[in-house]
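Take a look at the structure below.
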Amino acid sequence: MLQLKNDHYEIGGLDVRQICEDFGSPLYIYDTAKMEAQYKRLQKAFKGSKLKINYACKALSNINVLRFFQQLGAGLDTVSIQEVELGLRAGFAAEEIIYTPNGVSMAEIEKAVAHGVRINIDNLSILEQFGAKYGNSYPVCIRMNPHIMAGGHSKISVGHIDSKFGISIHQRRHLERLVQSLNLNVEGVHMHTGSDILDVDTFLVGAQLLFDVARDFPDLKYLDFGSGFKVPYKADDIATNVEELGQKMTGMFKEFCAEYGRELEIEFEPGKFLVSESGTFCCQVNGLKQTTATVFAQVDTGMNHLIRPMFYDAYHHIENISNPKADPRVYTVVGYICETDTFANDRQIAEVRQGDILAFRNAGAYCFTMANNYNSRYKPAEVLVHKGKAHLITRRQNLEDLLHNQVEMEWPQK
Ligand SMILES: *Cc1c(COP(=O)(O)O)cnc(C)c1O
């Protein structure tokens, strides 16, 4: 991750200014060492249990990142048939991939079954169709909605009472009847209540609710507790204490398994926790603009490349890579998109000059994967720093990429 060493910034031991010089701006840079450290931290927190960590690849879906997690021993959490196919291409075995879609057609679920991946269903009417077609010939996992309001922002909370995700815990009786009458083979139960859950107790309350549901199904292999681990976005920010969570949950889980009569697998599917802090997004200052009340730092990127500040009011800490030792001054950092496109309001940053490289922290999760071509801008390049070397993993786009799927018509002559 991005670190200040003496008077310059490094990622994975490499000078950030040099990486930007080599690959251009704007640029996403990821550090495999931080991904691995986070993966191992979670493993260690749950040691003693049969743990499976499925990387939620919607956070950062470059195939090289998927392969890196596959080599660490992770499974893959996918939410679309395309992510399933990407995971298979990356080298995950079908049974290591769990497919947790929402609101997709039965046809897409049939494709996932044909690929042989694990299926997680979050809708009773789809479950009914699934049962009618496959009966007990294909195992299924059930996604429950525990109705816990959690998550850092209403747009990333998915477990509350009005959420479209999961089967309500109040529908347990209906679920049980469907499972029985369709003779379903329920191999797992699942919940995922959203991103950025602030305290360990919220997880534990959710876990108890999932244990309750699990008692209805005698043939389970795993319980999947989803994700929502919060990572720090600024100094002194709250973060999920995974060590405390691991300790408390391992105890509860052991007790549950003893009562259930069998040792089950405990699964998690973090995205943000594994990749957020590994990523840095670098851009260059095109100019400074002083108005009556504000000093704008205008950068060569916009919400087309990093939408989280505008979309979720997300805070991304900004460092001045080119001038780290300077005294901080107050800036409003804005993008070049022709809309209000603000990355940070009244932010203290080491004195910014035209041409300086600015870096956004926590740019590993939900940043490049949400990038788009609005204003016909090219998407940035991506670089993966692994064992002291910077590898280009996505090249910068060009005009041909913008036109790639456009079909130029033959206009009839007048
Ligand atoms: C997005 C998602 C995750 C990952 O959430 P993070 O907050 O990035 O850890 C896990 N499970 C499901 C089903 C998801 O949709």
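Things worth noting here:
- Entry note, the stretch 276-414: relative contact order of 27 percent, from Cα contacts under 8 Å with a spacing of 6+ residues.
- Rounded to the nearest 5, the antiparallel percentage of DSSP beta bridges internal to the stretch 46-273 is 5%.
- Long-range amide H partners of residue 295 with built H, under 5 Å: 332
- Mean-position separation - Cα centroids, the stretch 1-34 and the stretch 328-373, in angstrom: 16
- Karplus (6.51, -1.76, 1.60) ³J(HN,Hα), θ = phi - 60°, over the stretch 63-79, in Hz, Gly and Pro reported as x: 4, 5, 5, 4, 5, 4, 5, 4, 5, 6, x, 6, x, 10, 9, 10, 10
- Sorting 336, 366, 30 by solvent-accessible area of protein heavy atoms yields 336, 366, 30, largest first, with a 1.4 Å probe.
- A simple rule links phi to the HN-Hα coupling: the Karplus curve 6.51 cos²θ - 1.76 cosθ + 1.60 with θ = phi - 60°, which for the stretch 202-208 gives 4, 4, 5, 4, x, 4, 4 Hz, with x for Gly and Pro.
- Between residue 76 and 55, 97, 98, the built amide H atoms are under 5 Å apart, and every one of these is 5 or more places off in sequence or on another chain.
- Of 364, 246, 226, the one that fluctuates the most in a GNM where the chain has Cα springs shorter than 10 Å: 246
- Pairwise centroid distance, computed over Cα atoms, of the stretch 82-116 with the stretch 264-288, Å: 23
- Comparing 329, 377, 118 in a Gaussian network model of the chain where C-alpha atoms under 10 Å apart are linked, the largest mean-square fluctuation is found at 329.
- The chain - percent of accessible surface contributed by carbon and sulfur, probe 1.4 Å: 48
- Across the chain, the longest run free of exposed loop sites, meaning GluC sites (Glu not before Pro) lying outside DSSP classes H, G, I, E and B with no more than 16 other Cβ atoms within 10 Å, spans 1-262.
- The listed residues 330, 299 rank as 330, 299 when sorted by accessible area, largest first, using a 1.4 Å probe.
- DSSP beta bridges confined to the chain are antiparallel in about 50 percent of cases.
- Residues with amide H under 5 Å from that of residue 351, placed H, sequence gap 5 or more: 326, 327, 329
- Candidates 204, 60, 358: whichever shows maximal mean-square fluctuation once the chain is modelled as a Gaussian network with Cα springs under 10 Å: 204
- Average accessible surface for the chain: 45 Å² per residue, computed with a 1.4 Å probe over protein heavy atoms with every protein chain in place.
- Solvent exposure ordering (accessible area, 1.4 Å, most first) of 236, 201, 346: 236, 346, 201
- CD proxy at 222 nm, helix term only [per DSSP H run n ≥ 4: -39500 (n - 2.57); per residue of the chain; nearest 500]: -8500 deg cm²/dmol
- Couplings 3J(HN,Hα) of the stretch 229-240, computed from phi: 4, 8, 10, x, 9, 9, 4, 6, 6, 6, 9, 5 Hz, in residue order, whole Hz [Karplus 6.51 cos²θ - 1.76 cosθ + 1.60, θ = phi - 60°; x for Gly and Pro].
The values are calculated or read from the model by the stated rules, or taken from the named source; none is laboratory data. All of these numbers come straight from a predicted model, not from anything done at the bench. So basically every Cβ, Gly included, is an ideal-geometry build from the backbone, and we count neighbours across all protein chains shown. Areas reflect the complete protein model, heavy atoms only, side chains present, ligands, DNA and RNA absent. Shrake-Rupley method; radii C 1.70, N 1.55, O 1.52, S 1.80 Å.
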